[in-house]
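Below is one structure; the comments refer to it alone.
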Amino acid sequence: MTLKELCEARYSCRHYTSAPLEQEKLEYIKECARLAPSAKNIQPWKFKLVTDKPTLDKVCACYALDWLRTAPAIVICMENREEAWTREADGKNHADIDVAIATEHLCLAAAEQGLGSCWICNFNVEKLKKTVALPAGFEPAALIPLGYAADTVTTKHRKPTEEVWL
């Protein structure tokens with residue numbers, strides 16, 4: 001599969017089967033996220049793979065829509081703004097960019113392994129921090145459910161090339 005084919009295949013999956021995830025696929029996904037580049041190679045991220053039912057329930061309680069409960073695994077993607085590189089010229093902290101790069105590596109690796117994923121950024125961060133043990137100094141940036149897709153996407157709207165490339 002070419003990178004373009006992989007990008008075309010990946011979509012925001014919002015319903016998963018109950019099939020268990022193979023450990024070797026999870027390890028492959030972890031390694032792909034670990035290999036992502038970051039500003040000045042600081043790698044200001046951590047990931048927490050949640051597969052146990054009690055913790056999955058806590059994570060799902062931080063998100064308003066029920067479809068998340070169908071995912072057999074959820075990755076909590078975290079950033080450390082204190083560790084991340086900050087551009088001197090304007091003070092732009094790159095933690096969000098760095099964790100986004102690694103998170104997309106994770107999502108593309110999941111797609112390559114035949115798994116669905118979806119970026120979730122609209123969740124109750126404070127509730128998550130109070131109910132799930134997270135490392136000190138790290139803020140949750142995104143939740144990524146993982147699993148075998150129980151839905152399909154027939155159309156995936158993308159703007160034409162001439163609208164996004166100047």
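For region 46-165, the helices (runs of 4 or more DSSP H) that sit wholly inside it and include 3 or more residues that are within 22 Å of K4 (Cα to Cα) are 95-112, 161-164. Taken together, K130, K156 contain a single residue that is open to solvent by 50 Å² or more (accessible area, probe 1.4 Å), modelled with pLDDT of 95 or more, more than 15 Å from L49 (Cα to Cα) and basic (K, R), which is K130. A search for C-beta distances below 7 Å between a residue of region 109-138 that is free of Cβ contacts under 8 Å to residues at least 60 places away in the same chain and within 22 Å of A33 (Cα to Cα) and any residue that is of a type in the set (F, W, Y) and outside any helix (DSSP H, G or I), counting only pairs 6+ apart in sequence or on different chains, returns I120/Y63. In region 61-81, the count of residues that are over 18 Å from the mean Cα position of the chain (by Cα), modelled with pLDDT of 95 or more and open to solvent by less than 70 Å² (accessible area, probe 1.4 Å) is zero. Just a yes or no: is a residue in region 47-58 in contact with a Cys (Cβ under 8 Å, 6 or more places away or on another chain), at pLDDT 95 or above, over 16 Å from G147 (Cβ atoms) and open to solvent by 30 Å² or more (accessible area, probe 1.4 Å)? Checked against the condition, which is being in contact with a Cys (Cβ under 8 Å, 6 or more places away or on another chain), at pLDDT 95 or above, over 16 Å from G147 (Cβ atoms) and open to solvent by 30 Å² or more (accessible area, probe 1.4 Å), region 47-58 yields at least one hit.
Do the conditions hold for R14, that is, is it charged (D, E, K, R), open to solvent by 70 Å² or more (accessible area, probe 1.4 Å) and touching an Asp or Glu at 6+ places or on another chain (Cβ under 8 Å)? Considered against the rule, which asks whether it is charged (D, E, K, R), open to solvent by 70 Å² or more (accessible area, probe 1.4 Å) and touching an Asp or Glu at 6+ places or on another chain (Cβ under 8 Å), R14 comes out as yes. Count of region 6-38 residues, restricted to those that are over 11 Å from H105 (Cα atoms), of a type in the set (D, E) and outside any loop (DSSP other than H, G, I, E, B), is 3.
Conditions tested, residue by residue: (1) of a type in the set (G, A, S); (2) more than 18 Å from K48 (Cα to Cα); (3) open to solvent by less than 50 Å² (accessible area, probe 1.4 Å).
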position: L106; (1), (2), (3): no, no, yes
position: A110; (1), (2), (3): yes, no, yes
position: G116; (1), (2), (3): yes, no, yes
position: E139; (1), (2), (3): no, no, no
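Among the residues of region 82-100, which ones are among the β-branched types (V, I, T) and buried (at least 17 other Cβ atoms within 10 Å of the Cβ)?
Result: V99, single match.
The values are calculated or read from the model by the stated rules, or taken from the named source; none is laboratory data. This structure is a prediction, so every number in the text was calculated from the model and none was measured. Cβ: placed from backbone, ideal geometry, glycine included. Neighbour counts: every protein chain shown. We work out accessible area using only protein heavy atoms, side chains counted, and drop any ligands, DNA or RNA first. Shrake-Rupley method; radii C 1.70, N 1.55, O 1.52, S 1.80 Å.
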